[in-house]
Every structure is written in C-alpha cells, then in structure tokens.
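The values are calculated or read from the model by the stated rules, or taken from the named source; none is laboratory data. Bear in mind the structure is a predicted one, so any value in this text is a computation, not a measurement. Neighbour counts run over all protein chains shown; Cβ positions are idealised from the backbone, glycine included.
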Amino acid sequence: MLETRERIWNSYINTIRKRNRFSQFTASILVNSLYEMKNYPVVLVNTVLSPISFLLLIVFVSHGSLVGEAVEGGFIMSMFGAGTSLQADLSHLKNDFKLQDMVVSSPTSWITYVSGMAISELVYSLPALIVLGVLSVYFVHLSAVGLVSFIAVLMLVFATSMAIGYTFATFSTDIVQSFAFSRLISTLFSTIPPVYYPITYIPLPYRYLAYLSPTTYAAQLAQYEGGYIQLSPEMVLVSWVVLASVTAVLFLIAGSKARWREK
Amino acid sequence: MGSAMIMAGRLMGALDASMLTCDRLSKTYSAGTREALSSVSYSVPASGTFVLIGRNGSGKTTLIRILATELEPTSGRASFDGLDVMRDAVRLREKIAIVPQEARTVPWMTPMQTVSSYLLWRGFGYSEARHRAADALDSLGMKVYMDRLNRTLSGGMKRKVLVAAVLSSDAEIIFLDEPTTGLDPVSRREFWELMREIEKERFTFLTTHYLEEAEALGDRIGMLESGRLVRMGTLEDLRHSVRYSYSVVIPAGQKQPVLRVGDGEVMRGSYGSRILTGEEEAFRISRDLIKDGIRFSINPVSLDDIFFYLVNREGIEYAGNQGADLEQLHQHYKEEE
C-alpha cells in the first residue's frame, strides 16, 4: 500500500514537474563536444588542423598574397564543416549507440536536441575559430559594418550546413553510409568551390559550376567585405539573396523530410 | 496546496485504472511486404513486469518501439493511462523511458557523464542530475566505476550504465528491449535481482527470448509469433492453457524410441522428442525409457513447453503448418542455450 501511494505521489510530481529546457539543450553539447574534448584532448588538435591546413596550402602557393582570403576561407570552412560533422555525429549517435532513440522517448523535443547538437559542433570548432580569430586580427581588416556582414555570412553558412547535415543524417542508416555522405558534402561544398581564394582564379566556364554551391556566394561576400574583390551592388544583393534563400529552402526540406519518430 | 491534493487524489483514481492498451495494432514496413505486427490487441494493468517473449523476428522490437513512441504504427491504436502513442506522444514521453535493444554506451564518456546527460535530456537540473546519477550507479554497484571511461567497462557493466540511466529518471514506465542478450549467466541473474527492485516502483515492459527470464520476472507474459499475439496472461494462466502437467524430453543423439502415449502430445524435431502429458502417463513413459536405457529428463511443464506447444498449435491454426516451425524453434533455443 505504501509503495502504491509512493508511486501515485511520484506520478503526480512527474505531472507537475517543470522540465528544464536549458538542461536538455546543454546535454547535447556535453555529450557531443565537451565530454569528448575533455576525455580525448587529441581531438582538439584535429579540429584545428583541418581548416588551417588548407589555409597554409593557399598561403604557400600564393606566396602570401592570398593570406586574408585564406583566413576568411578558414572561417567559412569551419562553419560549413560543423554541419558536415553534425551529419556524422547525429547518424553515429542514432545508428551505432541508439542514443537518439532513448532521447526520442524522453521529454526532449527534436528541435531542442538538434539545436543543442548544432551548437555542440560550434563548441567543437572553437579551437580552430580561436586560431583563425588571432590570425584575422593581423591579416583581415574589416570595418564595423564589414565585421557584422562577415558574421552574418558565417551564421548563414552555419545554418545551411546544419540543415544539410540534419537532413542527410535522418537518411543514413549506418556508419559507412554516414561517412560517405560526410565526404560528399564536404568535397562538394567546401573543398571544390573557391572558398579560400577569389572566384576569378577559376577559368570562366567553370565559374558557373562554382556558383552552384552556396559557399561560393558566402566566400564572395566575405572577400568583398575584406576589400579583396570588387562587386557591383547588384551582385552583392544577389549573393545575399541566394545565400539566404538556399538556407531557407534547406531548412524547409529538413523540416519536412527529416524524421524524429520513424515511419 | 489544497488544489494540489485534489489533483493528486484525481490522479490516484486515474492510476488505479492505469492500463497499457493495444487495439488492433499493425505495422508493415514500407520496404517489406510482410507484416511485422498483425492486429495485436491486449490490455494489461500498468504495474509489475510485463514480459513479451518471442523468437527473433517475431515483432517484439517493433511493438516496443511503437509503444515507446519511436515508431509509427501502420494502423491501430496504443495507449497508456488514456494517452495515445500517436496523439499524445509529447505528454506520454514525460512518463516513459527506454533502453533499446542495441543501445551502447558512448565510449568516450564515463558512467556518471552518461547517466547525468540522460537526466539532463529528461529536463533535470545539473546538480539534481548528478545526485540522481550517483545514487543510481551506487545502487547498481557501479560506484567505483562511475568516473572511468565506458570503453574500459565489461559488457555487463555497460548494460548496467544504460539501465541506471532510465532507473534514475522519473519515468513511470520503463521499456527494456532484450536487456540481457549477450550477458553471462551471473550478470543475467544480477540483472534479474535489479529488475525485481525496479518493478516495485515502476511498470516495466521487457522483451526477451530467454523463456526462463520471462518465467523469473514476468507478472504477465505475452507470446508473440510472426507478428501475432499467440497468448497472454500470468504464468498460471499460461500453464492452464496447456492441459498437461509434465514434460518428458528425450534428447537427440541416441535411438529415438517408438512411443505409445495414451493421453498427451508428442513433438519431434532435430532436438529429439518432447512429450507433454499427465503425471501418471509421464511416470509410466519414464519407467519404459529407464528399462530401454534411454536418456531423458522429466519435469513439470515449464514456460518452454508452453511456448513450443502454443506456438506450434497456433502455427497450425494460422498457416496449416505441420510443425516445421517447432523444429526451427527448438534449434533456435538450443543455439541460444
């Protein structure tokens, strides 16, 4: 009888308990970045190396003339890489550990879970962003308006990559497929497009292909704000519109196609 | 405070009638043509432990995933305490927790980090999550391991970490999908002890293909075969569904005798022969077998016997099957053992 009363009371408490949304959000960040960084510090080196390696390559090949563009490109690649990592991490936690299944059957909503996971990718990129931030103090010169625009561009790239990452993650069923998607996204959107150097370095017929990637518009806007290239006001407007539209469309696709509860 | 007590009182009335109900629940995966679940209907009081048994591919995981709001059914309804798994999923998720069949601990985290993170996802504050996690791990004998990396733990300990996560939560229903698969016999029995503690406070819904586990833990047992609920009830109810009281098993690997069984049922397969019959007949057969020097075992009818008997009979009723499945079943369980 005592046990029954206790159960009933617990159930009542359960009904009126206020769930801490911040805790739910924080859990994703802890699991997907902070605990990994704390328990396996070697991953910190890895997160720095990826964007910096391309930067160094471009700087050496251009004899230092493209250092500003390369630092900006490093920021864009870090932001886009966060989405690629999100795809791999969501898929890994869902398919290999079944952790997402445990979260689905809990009071956490998909939006809280995915937002936390997205921010965790930013946290994971912090070492690289700090190194790039220090380099940008010396090599990138932005006005106050330029800095705001640059941050806005980075946020849009981040949002775009998150939408791509989340959508792909819901369709990947195992780790091999997940890595295949990761590499594909990374190559198509951050390695091939002119992110670390101006688009004018690409021969004309191929430039049209480069414009199929949203990261091309992001890099173009960043280079324009840094004073590395000249763009007409119409081209600036077109770049913003394309970048914002692609982000919005990808979010709509992610919202409609991605699955929290499986069918 | 007064209104809180009134609400608690109402809740008391509601909980008295807490039932887990499935109504013609069916599931067909889009990629396949076979129904994973076929019109499953039942209603059980949400207390103690309900064990769902069935062989691999019988639909256990599909059913538990639908009930845990992870998977949409193709048709039919399921509800707990009046909350529908589809319509009221958000409210239901406040009350449920699951350890999926193939769940694994994240290797780069410690048990403390694993359990407390799960509690954060359930909406507890950081310090309460840490306290609850420490208590749960301590109660499972994991105190000394709580700050070691999961990858350094044994399989049984990793399982305990996941069970600690749901145990430390405030969930009223805990779903455990084949929680002891892969555990050694000692760890399995330790887990049973743990389950007996959990069921005092929560309703536990457990799937297994270990029949002795169902016998040891289940207040109520459901038998699932090919997506159909073959039988459900207490162990006593299931015993009564077989009118025989004794089971004589003659293992393979020796000459199988020609049996003359007065009142009983003989089932044969690659495992040997299994005879279900009454006490007097069982002892008469035993005497004959001793006389002929044939090895055998005689036991009161167990859940194994009931399961094979019912599944075989239902198989015949459903598909005109003449017992081929039974042989597969025996082979399957022999391999499991």
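Answer yes or no as to whether A:Leu221 is of a type in the set (A, V, I, L, M, F, W, C), touching a Phe, Trp or Tyr at 6+ places or on another chain (Cβ under 8 Å) and surrounded by 20 or more Cβ atoms within 10 Å (Cβ to Cβ). So A:Leu221 fits the description; yes. Close contacts from the stretch A:83-101, counting a first residue that is outside any helix (DSSP H, G or I) and a second that is among the basic types (Lys, Arg), with Cβ to Cβ under 8 Å and a gap of 6+ residues or different chains, come to A:Phe97/B:Arg104; A:Lys98/B:Arg104. Among the criteria (1) surrounded by 15 or more Cβ atoms within 10 Å (Cβ to Cβ); (2) more than 14 Å from chain B (Cβ to nearest Cβ); (3) part of a helix (DSSP H, G or I), the one A:Gly255 does not fulfil is (1).
Within the stretch B:63-122, the set of residues being of a type in the set (Asp, Glu) and either closer than 30 Å to A:Met37 by Cα or facing chain A (nearest Cβ under 8 Å) (or both) comprises B:Glu70, B:Glu72, B:Glu94, B:Glu102. When B:Asp263 is tested against the conditions (1) acidic (Asp, Glu); (2) within 27 Å of the chain's Cα centre (by Cα); (3) more than 30 Å from B:Ile174 (Cβ to Cβ), the lone failure is (2). In this structure, is B:Ala165 among the aliphatic types (A, V, I, L, M) and more than 12 Å from chain A (Cβ to nearest Cβ)? In short, no.
The residues of the stretch B:79-97 that are closer than 16 Å to B:Val166 by Cβ and either in contact with a helix residue (DSSP H, G or I) (Cβ under 6 Å, 6 or more places away or on another chain) or of a type in the set (Gly, Ala, Ser) (or both) amount to a single one, B:Ala97.
The set of residues in the stretch A:101-120 being farther than 22 Å from A:Lys257 by Cβ, crowded, with 24+ Cβ neighbours inside 10 Å and more than 8 Å from chain B (Cβ to nearest Cβ) consists of A:Ser120 alone. I'd like to verify a number: residues in the stretch A:205-223 that are within 22 Å of A:Gly81 (Cα to Cα) and either basic (Lys, Arg) or part of a helix (DSSP H, G or I) (or both), how many? Residues meeting the conditions: 12. Do we find a residue being within 14 Å of chain A (Cβ to nearest Cβ) and under 23 Å from B:Gly48 (Cα atoms) anywhere in the stretch B:131-140? Yes - at least one qualifying residue is present in the stretch B:131-140. State which residue is modelled with the lowest pLDDT when the search covers only the stretch A:59-98 and only residues that are crowded, with 21+ Cβ neighbours inside 10 Å and among the β-branched types (Val, Ile, Thr). Checked the stretch A:59-98; the qualifying residue modelled with the lowest pLDDT is A:Thr84. Among all residues of the stretch B:174-192, there is at least one that is in the same structural domain as B:Gln101 (by TED's automatic domain parsing), under 30 Å from B:Arg313 (Cβ atoms), among the aromatic types (Phe, Trp, Tyr) and modelled with pLDDT of 85 or more. Listed by first and then second residue, the pairs linking a residue in the stretch B:73-91 that is under 20 Å from B:Arg122 (Cα atoms) and assigned by TED's automatic domain parsing to the domain that holds B:Ala46 to a residue that is outside any loop (DSSP other than H, G, I, E, B) and not basic (Lys, Arg), with Cβ atoms under 6 Å apart and 6 or more places separating them unless they lie on different chains, are B:Phe80/B:Leu20; B:Leu83/B:Leu92; B:Val85/B:Ala78; B:Arg91/B:Leu83. Just wondering, is there one or more residues in the stretch B:251-266 that are under 22 Å from B:Arg55 (Cβ atoms) and surrounded by 19 or more Cβ atoms within 10 Å (Cβ to Cβ)? So far as the stretch B:251-266 goes, no, none of its residues is under 22 Å from B:Arg55 (Cβ atoms) and surrounded by 19 or more Cβ atoms within 10 Å (Cβ to Cβ). Against the test of being touching a residue at least 60 places away in the same chain (Cβ under 8 Å) and within 14 Å of chain A (Cβ to nearest Cβ), the options B:Ser47, B:Ser41 yield a single qualifying residue, B:Ser47. Note on the stretch B:190-291: enclosed strands (runs of 3 or more DSSP E) holding 1 or more residues that are within 14 Å of chain A (Cβ to nearest Cβ) are B:203-208. Scoring B:Val115 on the criteria (1) over 18 Å from the mean Cα position of the chain (by Cα); (2) farther than 21 Å from B:Ile198 by Cα; (3) among the aliphatic types (A, V, I, L, M) leaves a single failure, condition (2). When the stretch A:164-204 is limited to residues that are aromatic (Phe, Trp, Tyr) and part of a helix (DSSP H, G or I), the one that is farthest from the chain's Cα centre (by Cα) turns out to be A:Tyr201.
For the stretch B:143-166, does any single residue satisfy the condition of being in contact with a helix residue (DSSP H, G or I) (Cβ under 6 Å, 6 or more places away or on another chain), in contact (Cβ under 8 Å) with a residue 60 or more places away in the chain and in a helix (DSSP H, G or I)? Within the stretch B:143-166, one or more residues are in contact with a helix residue (DSSP H, G or I) (Cβ under 6 Å, 6 or more places away or on another chain), in contact (Cβ under 8 Å) with a residue 60 or more places away in the chain and in a helix (DSSP H, G or I).
Selection over the stretch B:200-217 of residues that are within 20 Å of B:Glu172 (Cα to Cα) and under 8 Å from the mean Cα position of the chain (by Cα) gives a count of 3. Quick check on the stretch A:37-58: of everything there that is more than 14 Å from A:Val131 (Cβ to Cβ) and within 14 Å of another protein chain (Cβ to nearest Cβ), which residue is surrounded by the fewest Cβ atoms within 10 Å (Cβ to Cβ)? Residue satisfying both the conditions and the ranking: A:Val42.
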